[in-house]
Amino acid sequence: MLDFASTSLLVVDAQRGFTELCPAELPVPGGAAIVPAVNALLALPFARVDATQDWHPADHRSFLGRADNLYPPHCVMNTPGAEFLPGLHTDRFGAIWRKGYDANFEAYAVTAQHPGFAPFLAACGIKTVVVCGIATNICCFFAARDLRAAGFEVWLAEDAGAGIDVPAAGLLQAKAKAEGQGLGIRYRTVADCR
């Protein structure tokens with residue numbers, strides 16, 4: 001059972017560009033469908049709620065034709081794809097941590113772009129972090145992994161997220177979950193968090 005007084009929620013990249021709402025970007029199957037489950041988590045009395053937002057320049061290194069040549073352009077700053085999902089209760093976000101805004105730096109995890117994030121949570125008295133969002137096996141996983149390594153208990157709410165395999169980058173859902181479980185990340189449901 002969670003102790004909400006020392007638990008935070010991290011909503012990762014719940015953005016239009018990762019869903020079928022922007023099919024030319026990087027749609028993750030089921031991405032838009034996570035909103036009710038994420039909102040159910042947002043209704044819980046977490047000590048704090050943080051969100052991440054992919055916020056790429058148009059020439060980001062991960063885009064096709066650029067240095068990493070992995071993904072179509074997605075979540076480009078100040079475009080509809082960078083917006084949070086319709087219906088998401090963003091008024092519950094205490095802070096929004098933008099990432100991926102440097103054209104030459106890849107930041108799947110908020111902890112890569114903002115190394116002070118984990119120490120900040122610890123200074124706030126947080127001991128457990130519940131992670132949800134898109135993509136479960138990429139940005140959610142890397143944030144969860146880094147937070148676990150920083151000493152937090154980490155729960156990943158699977159039914160409040162959506163994942164996608166990216167074989168070219170070695171980012172596979174089953175692989176990430178197996179690694180996460182080995183690190184002590186707890187894969188749970190929204191109901192488990194209540």
Given the residues Ala40, Ala58, which is the only one that is surrounded by fewer than 17 Cβ atoms within 10 Å (Cβ to Cβ) and small (Gly, Ala, Ser)? Ala58
Condition test on Leu10, is it under 22 Å from Gln113 (Cβ atoms), touching a residue at least 60 places away in the same chain (Cβ under 8 Å), in contact with a helix residue (DSSP H, G or I) (Cβ under 6 Å, 6 or more places away or on another chain) and not polar (S, T, N, Q)? no
Taking Ala109, is it within 18 Å of Leu147 (Cβ to Cβ) and among the aliphatic types (A, V, I, L, M)? yes
Quickly run through the range 63-104 and pick out the residues that are aromatic (Phe, Trp, Tyr) and within 26 Å of Val49 (Cβ to Cβ). Phe84, Phe93, Trp97, Tyr101
Restricting the range 168-194 to residues that are assigned to a helix (DSSP H, G or I) and modelled with pLDDT under 95, which is nearest to Lys127 (Cα to Cα)? Ala169
Quick one: is Leu64 in contact with a Phe, Trp or Tyr (Cβ under 9 Å, 6 or more places away or on another chain), among the hydrophobic types (A, V, I, L, M, F, W, C) and touching a residue at least 60 places away in the same chain (Cβ under 8 Å)? no
Among (1) within 19 Å of Ala107 (Cβ to Cβ); (2) part of a helix (DSSP H, G or I); (3) open to solvent by 30 Å² or more (accessible area, probe 1.4 Å); (4) not acidic (Asp, Glu), there is one condition Ile164 misses while meeting the rest; what is its number? (2)
Those residues of the range 100-130 which are of a type in the set (S, T, N, Q) and touching a residue at least 60 places away in the same chain (Cβ under 8 Å) amount to Thr128
Options Arg92, Arg16; residue that is touching a Pro at 6+ places or on another chain (Cβ under 7 Å), over 21 Å from Arg186 (Cβ atoms), open to solvent by 40 Å² or more (accessible area, probe 1.4 Å) and not small (Gly, Ala, Ser): Arg16
Residue count for the range 170-183, restricted to those that are in contact with a strand residue (DSSP E or B) (Cβ under 9 Å, 6 or more places away or on another chain) and surrounded by 14 or more Cβ atoms within 10 Å (Cβ to Cβ): 3
Residue match in the range 101-117 (condition: modelled with pLDDT of 95 or more, open to solvent by 50 Å² or more (accessible area, probe 1.4 Å), over 17 Å from the mean Cα position of the chain (by Cα) and of a type in the set (Gly, Ala, Ser)): no
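The values are calculated or read from the model by the stated rules, or taken from the named source; none is laboratory data. Here the structure is a predicted model, which is why all the values come from computation and not from measurement. Here the Cβ is made from the backbone with ideal geometry for all residues, glycine too, and neighbour counts use every protein chain on show. These accessible areas exclude ligands, DNA and RNA; they are computed on the full protein's heavy atoms, side chains included. Shrake-Rupley method; radii C 1.70, N 1.55, O 1.52, S 1.80 Å.
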